[in-house]
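FYI, it's all coordinate maths here, none of it is from the lab. All values derive from a computational prediction rather than experimental measurement. Don't worry about glycine lacking a Cβ; one is built from the backbone with ideal geometry, like all the others, and counts go over all protein chains shown.
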Amino acid sequence: MDADRSIQSTENMPEATIPTLNSRQNMRCRTCKSITQHELVFIHTASFTDEEEYDPQLSHDQPNYWEDRTYRLWICMGCQDAHMEIAIQEHGPQPEQDPVFSTFYPPYEPGQKQARRFSYLHENLIEIYREAVLCYNTGARISCAACLRALLEGILIDQGVIINEERKKDDLFNKIEKLRTMKIIPTSTATLLHSFRFMGNQALHFKLESMPPHEVELSYAIEAMEQFIYHIYEAQKDLQKKLEILAKFRPDDMDKLPPNVKS
Ligand SMILES: [Zn+2]
C-alpha cells in the first residue's frame, strides 16, 4: 500500500476540486499511456485510526493520528480500462497541515508497456503480440524482436498477402510493399516497418557480431505494430459499429449509448 505514494500528490486539495461521482478529469491513462478523459464511476470511503493508542470506548479525546481513505474507480474514456485511485488524508494535531496523497493502481510506469486490447485480431496473433510486450518488459530483447517479426509475418499471412510477381522475392520487404500498394496500410506505416533492422531480411541471417535491438528501437517497433494492427483490424470495425449504433439512434436513446459514442 505504501509503494507508490509519490506518484501524484494532491496535497491540501481544496474542497471544490474533490471529484464527485460521474465527473470527468483529464489524466494519464495507465493502460493506453495517453492523457485522456476519465470518468469517476465508483467511490468508497473508510476511516482508519491508530488503534493501538486510541480506544473510543475509554476516551473522549480524538486519536493522535487517523486517516480517511477515499477509493475512486476511474474509467478511461479512450481505452475503457479501469484504474483505482486511493486518496489518503492523514489527520494529525495540526489540521491545517493535513496532507492528501493520491496513489493509483496499477501504478504508471513509463518504462513498462501494457499490452493493448485488440478485439478483431486472430487470437494466435494476440498471443504473439502479448508475448512481445512481455519480453520487452522483462528485457528479453532478442525474443521481443523475434515475436514482433513473427507477428508481422502472421498478419501478412492473415491478410492473404502473396507475392506472385516472378521478378520479386517472397520476402518480408516485398510483402510489406504489397500491402502498401494494395492501400491496406499508408506509406508512412510501411516506411516505419521497413526502418526496423530486425524486421528486415538481414535479420534472417545470423551473424556473431549482431547486437540485439536497442530497447528504444523495440519500444517504437511495438508502437508501430500497434498502429499497424489498429489500422488493419480495429479502426474499420470500430467505425462500422459506431455507424450502426448511430443509424438506429433516436433522441430518447441518448442514455443507452456507450460512453465512447457519446463523447
Ligand atoms: Zn486508456
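In this structure, the pairs whose alpha-carbon distance is over 31 Å, taken from K113/K169; K178/K237; K178/K241, are K113/K169. If you take every residue apart from D238 with its C-beta less than 14 Å away from the C-beta of D238, what net charge results, scoring Lys and Arg +1 and Asp and Glu -1? Combined, the nearby Lys, Arg, Asp and Glu give +3. The residues neighbouring C79, those whose beta-carbon lies less than 14 Å from its own, together hold a net charge of +1 under the Lys/Arg +1, Asp/Glu -1 convention.
Local charge for I35 was computed over the other residues whose Cβ lies under 13 Å away, with Lys and Arg +1 and Asp and Glu -1, and equals +4.
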